[in-house]
Amino acid sequence: MYKDANELVAAVRKAVETTVVTDVHTHLFPPSHGDMLLWGADEILTYHYLVAELFTVAPRDLTYEKFWAMPKSAQADLVWEHLFLNRGALSEAARGAITTFNRLGLDVAGRDLTGIRKWFAEQNIEEYLPKVFTMANIDYAVMTNDVFSAAQTELWRQGLAVPECLKTALRIDPLFADGWEKAAGVMVEAGYAVKAEPDEKTCDEVRRYLLDWSARIKPVYFAASIGPEFAYGDDSAFTRLIDRAVMPAAAEAGVPLALMIGVRRDVNPGLRDAGVGVGVSDVMALARMLQKHTDAKLLVTMLSRVNQHELTVLARNFGNLHIFGCWWYCNNPSIISEMTRQRLEMLGTAFTCQHSDARVLDQLIYKWNHARKLVADVLVDKYGDLFEAGWRPTEEEINRDVRAIFGGSFEEFLNR
Ligand code: FIX
Ligand code: ZN
């Protein structure tokens, strides 16, 4: 039991620094899936967050077409030149690349990109992947496994090795909005009696498709990212698919459905993954889903900062809603700090404070390093206030509660 405020602060910082993290959403793949797993200097520098930034300052004659036609190393050179050498690398994503190189022991202060590339070229991915997980202190990371992508399903059919530190999530985005035609085509090809419109029989076939893939890849959850215009409870294909295919399949598989809400895809298609915007969503549509599916479990993150307060309140109203992460445009120090405070103040430890969304393996290093520091600052304040109020926590209690928001509550939610 800490009787001294300074000792308490040191214990909180130590707990956050050393706690094992569960990374509940990433875009990583096993090494056996070859080029799908991104890693190394050029991938770090061409992260789509940095590509978007590059185009805010690049010369006008650098068209998207020219950029995408370049080899990855030339794209990375451009990012390095414009964002790191000609400007001060002040954005969160640019700082992330610097933290990553630095923590790997590479000479980023010396601006030695050639040396950095040489070091990566000498790494063996099978040995490098566990090293990164150890550095970031992660027990496991959940992948994004699109069961409507031929490239991905083909690899799963081959039954390739997957390390224990990577778990699957069954991703279903193409079922909704513009993707339906493609999703229907994939299911028809695979022998499911799916029609052009998701009527009841078709929904039953979709459900069968999801369950068959679920049995094969054993996901931690089903997942979809959806737009801010999403509505629920109406007569739409979305409502039908959720009610008759997705929710029943997730329930039968015994896993939650994760919804990542608020993406405006194709705001600027020339930028590809980087050309995505954000919109404010109707949190009541989510409430209606929770009212209807009282037995279902929903994991939710929202992209708009504007939605965060309402979403946190909703999580107090529904024990079957678990909120997670500061997603994408919310993954910035100022917003992480604000969101984490808000969530702690209203939910205690019943949420997951962050996920990395890493697309490139090495990003686990900076995403978790930055997140740990920010969350530690917030917790130091909160424990300080508690101390002043007269509470005296023990080391075990601090470790337990820190672990809770870094993955413990998520695991508890899965097992509830
Ligand atoms: O839909 C998603 O899972 C998004 O996180 C990604 O598509 C997005 O490109 C991303 O990497 C954001 O961090
Ligand atoms: Zn993602």
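The values are calculated or read from the model by the stated rules, or taken from the named source; none is laboratory data. Because the structure is a prediction, the values reported are computed rather than measured. Backbone-built Cβ (ideal geometry, glycine too); neighbour counts: all protein chains shown. We work out accessible area using only protein heavy atoms, side chains counted, and drop any ligands, DNA or RNA first. Shrake-Rupley method; radii C 1.70, N 1.55, O 1.52, S 1.80 Å.
Listed here are the residues, each with its yes/no results for (1) within 22 Å of Leu50 (Cα to Cα); (2) outside any loop (DSSP other than H, G, I, E, B); (3) modelled with pLDDT of 95 or more.
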{"position": "Leu364", "(1), (2), (3)": "yes, yes, yes"}
{"position": "Trp368", "(1), (2), (3)": "yes, yes, yes"}
{"position": "Val378", "(1), (2), (3)": "no, yes, yes"}
{"position": "Leu386", "(1), (2), (3)": "no, yes, yes"}
{"position": "Trp391", "(1), (2), (3)": "no, no, yes"}
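State all residues of the range 1-32 that are more than 16 Å from ligand 2 (Cβ to nearest atom) and of a type in the set (Asp, Glu); if no residue qualifies, say none.
Asp4, Glu7, Glu17
Which is away from ligand 2 (no atom under 16 Å from the Cβ) and closer than 22 Å to Met143 by Cα, of Tyr221, Tyr232, Tyr209?
Tyr209
Which of the residues belonging to the range 203-219 are open to solvent by less than 20 Å² (accessible area, probe 1.4 Å), under 24 Å from the mean Cα position of the chain (by Cα) and either within 16 Å of ligand 1 (Cβ to nearest atom) or touching a residue at least 60 places away in the same chain (Cβ under 8 Å) (or both)?
Leu210, Trp213, Ile217, Pro219
Within the range 135-167, which residues are in a loop (DSSP other than H, G, I, E, B) and either of a type in the set (Ser, Thr, Tyr) or modelled with pLDDT under 95 (or both)?
Within the range 135-167, Thr144, Ser149 qualify.
If only one of Ala193, Ala177, Ala224, Ala215 is modelled with pLDDT under 95 and either in the same structural domain as Met289 (by TED's automatic domain parsing) or farther than 21 Å from Met260 by Cα (or both), which one is it?
Of Ala193, Ala177, Ala224, Ala215, the one residue that is modelled with pLDDT under 95 and either in the same structural domain as Met289 (by TED's automatic domain parsing) or farther than 21 Å from Met260 by Cα (or both) is Ala177.
Which of the residues belonging to the range 109-134 are surrounded by 12 or more Cβ atoms within 10 Å (Cβ to Cβ) and assigned to a loop (DSSP other than H, G, I, E, B)?
Listed by number, the residues that qualify are Arg111, Asp112, Gln123.
Of the residues in the range 249-279, how many are more than 14 Å from ligand 1 (Cβ to nearest atom) and exposed (fewer than 15 other Cβ atoms within 10 Å of the Cβ)?
So the answer is 3.
Restricting to the range 177-202, name every residue that is crowded, with 21+ Cβ neighbours inside 10 Å and in contact (Cβ under 8 Å) with a residue 40 or more places away in the chain.
Pro198
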